[in-house]
Amino acid sequence: MLINLENIKKIYKVGVERIHALDGVDLQVDKNEYVAIMGPSGSGKSTLMNLLGCLDRASSGKYELVGKNTTRLGAAALARIRNQQIGFVFQSFELMPRLNALKNVELPLIYASGVPWWQRRKQARKVLEHVGLTGRIKHRPNQLSGGEKQRVAIARALICNPSILLADEPTGNLDSKTSADILALFDQLHEEGQTIILVTHEESIARHARRIIRMKDGKICSDQLVERKTV
Ligand SMILES: Nc1ncnc2c1ncn2[C@@H]1O[C@H](COP(=O)(O)OP(=O)(O)OP(=O)(O)O)[C@@H](O)[C@H]1O
Ligand SMILES: [Mg+2]
C-alpha cells in the first residue's frame, strides 16, 4: 500500500476560531491507482492534498507513505520525503518566473543533490519531451501558453520519479481543449504506472480516474470505483 491515512484531523486556528478542515479521514491508496477527489468548496480537498504531499502536517491521526510513518517527522525529513516521493501540480502552475522551462524542471534535482549538472539537464530534457513539450525548453513561463506551462509543471513534478503525482485542479486555469490535452497526458502517465490523485470540481474530469472520492465537511462521504463502459 502506498498511502494509509487513519483518522486524520486537521484543525486550523484563526484567532479564537477553530476550523475542522479535516474531521477524521481514513483512506488507503494502492500503487497505480488513479483517484479523483471531489466535493464542495471548503470541504477539505486541498487540505487533504497538502497533507498527502507533506506540505503540511495533520493535527492528529496517522499518515503512512510507502510504509513509512510520517506522523512525527520534522520539517527537514518531510521536505526530503516530498522531494523523493511526491510530485505536486497546482492550478496556478507555480513555476519560477525567471527560469526557463528546462531550469524549472531541473530544480527538484538540484535539491535532491548528488546529480551532476549535465545529467540534470539530460533528465530534464527527457521528461519535458515525455510530457510533450519540445521546442519550448528555453522559454520562460511568461513566454509559454497555459497548457505549455502546465506541461512544464508536470515535468517538474515527475523528474524525481515520485511515488505519487498529486494534482489540485490542474486544469482549473485552462480552456476545454487544453484541459483535454492535459487529461490525456494524465491518462498516459497512469497507463505507464504512475499513481495519481487529482482534485476536480467537474464530473467529466473525475471520470478519467478509476476511483472517485467525495468529501463533505472534512469527511469522506463516498468512495466509488468508476464504471468503465464495455464495448
Ligand atoms: N491556512 C488556513 N488557515 C485557516 N483556515 C484554512 C486554511 N486553509 C484552509 N482553511 C479552511 O479549511 C477549510 C477547508 O479548506 P480547503 O482549502 O481544504 O477546501 P477545498 O475543498 O480545497 O475548497 P475549494 O474547492 O474551494 O478549493 C475551509 O473552511 C477553509 O476556509
Ligand atoms: Mg482547494
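Residues considered: VAL16, VAL131, VAL29. Largest GNM mean-square fluctuation over the chain, using C-alpha springs under 10 Å, is found at VAL16. This model, with +1 at the C-beta of Lys and Arg and -1 at the C-beta of Asp and Glu, gives the stretch 51-181 a dipole about its Cα centre of some 600 debye. Put a dot 7 Å past each Cα toward the Cβ at TRP118 and SER41; how far apart are the dots in nm? Here the modelled spin labels are 5.2 nm apart.
You can think of it this way: the chain between HIS130 and THR71 has 17.8 nm of extra reach, that is 0.36 nm per residue less the Cα-Cα gap. Extension gain, GLU191 to ASP30, is 56.5 nm, computed as 0.36 nm per intervening residue step minus the present C-alpha separation. Relative contact order of the stretch 1-82: 36 percent, from C-alpha pairs under 8 Å at least 6 residues apart in sequence.
Could you calculate the FRET efficiency of GLU202 with GLN143 from 1/(1 + (r/R0)^6), where r is the beta carbon distance between them and R0 is 45 Å, rounded to 0.05? The partial results should precede the final answer.
Numbers: r = 29 Å, r/R0 = 0.64.
For R0 = 45 Å, the calculated efficiency reads 0.95.
Solvent-accessible surface of the chain, averaged per residue with a 1.4 angstrom probe and all protein chains in place: 52 square angstrom.
ASP181 sits with roughly 60 Å² accessible to a 1.4 Å probe, with DNA, RNA and ligands left out of the calculation. Note on the stretch 95-231: dipole from Cβ charges, positive end direction compared against SER163, VAL226, SER113; the farthest Cα belongs to SER113. Please compare each pair in LYS31/LYS219; LYS62/LYS177; LYS62/LYS126; LYS10/LYS149 to a cut-off of 30 Å on the Cα-Cα distance and tell me which ones are over it. Among LYS31/LYS219; LYS62/LYS177; LYS62/LYS126; LYS10/LYS149, the Cα-Cα distance tops 30 Å for LYS62/LYS177; LYS62/LYS126; LYS10/LYS149.
Based on Cα contacts under 8 Å between residues 6+ apart, the stretch 83-141 shows a relative contact order of 48 percent. Normalised by the number of residues in the chain, the mean separation of alpha-carbon contacts (under 8 Å, six or more apart) gives a relative contact order of 29 percent.
Sorting GLU227, GLU6, GLU202, GLU129 on solvent-accessible area from highest to lowest, probe radius 1.4 Å, gives GLU227, GLU129, GLU202, GLU6. Other residues with beta-carbon under 14 Å from the beta-carbon of ILE182 carry, at +1 per Lys or Arg and -1 per Asp or Glu, a net charge of -4.
So if we plug the beta-carbon distance of ASP56 and LYS216 into 1/(1 + (r/R0)^6) with R0 = 22 Å, what FRET efficiency do we get, rounded to 0.05? With a Förster radius of 22 Å, E is 0.60.
Can you classify the stretch 12-92 as rounded, prolate or oblate using the Cα gyration tensor, where a ≥ b ≥ c are the square roots of its eigenvalues, rounded means a/c under 1.5, and otherwise it's prolate if a/b beats b/c and oblate if not? It comes out oblate by the Cα gyration axes.
Among LYS126, LYS149, what's the order by accessible area (1.4 angstrom probe), most exposed first? Don't skip to the end; give the middle numbers.
Numbers: LYS126 150, LYS149 45 Å².
Descending order: LYS126, LYS149.
Comparing ASN173, ILE81, VAL66 along the charge dipole axis of the chain, the residue lying farthest to the positive side is ILE81, per the Cβ-charge model. Only Lys, Arg, Asp and Glu carry charge here, each on its Cβ (+1 for the first two, -1 for the last two); on that basis the stretch 110-181 has a dipole of about 520 debye about its Cα centre.
Helix-derived [θ] at 222 nm for the chain: sum -39500 (n - 2.57) over DSSP H runs of at least 4, divide by residue count, nearest 500? Could the numbers behind the result be given before it?
Working: 7 runs with 78 residues, N = 231.
Using -39500 (n - 2.57) per qualifying helix, the result is -10500 deg cm²/dmol.
Put +1 on the Cβ of every Lys and Arg and -1 on every Asp and Glu Cβ in the chain; which of GLN28, ALA101, THR47 then has its Cα farthest towards the positive end of the dipole? Of the listed residues, the answer is ALA101. Dipole size of the chain about its Cα centre, with +1 on Lys/Arg Cβ and -1 on Asp/Glu Cβ: approximately 860 debye, rounded to the nearest 20.
Quick one: order SER113, SER60 from most to least accessible surface, probe 1.4 Å.
On the way: SER113 75, SER60 50 Å².
From most accessible down to least: SER113, SER60.
Compared with the alpha-carbon gap, the fully stretched path from ASP175 to LEU225 is longer by 15.3 nm at 0.36 nm per residue. Within the full protein context, the accessible area of THR47 is estimated at about 20 Å² for a probe radius of 1.4 Å.
The values are calculated or read from the model by the stated rules, or taken from the named source; none is laboratory data. Owing to the predicted nature of the structure, the values given are computational and were not obtained by experimental measurement. Positions of Cβ are generated from backbone atoms using ideal geometry, with glycine treated the same way; all protein chains shown enter the neighbour counts. For the accessible areas, the whole protein counts, side chains as well, though only heavy atoms, and no ligand, DNA or RNA atoms are used. Shrake-Rupley method; radii C 1.70, N 1.55, O 1.52, S 1.80 Å.
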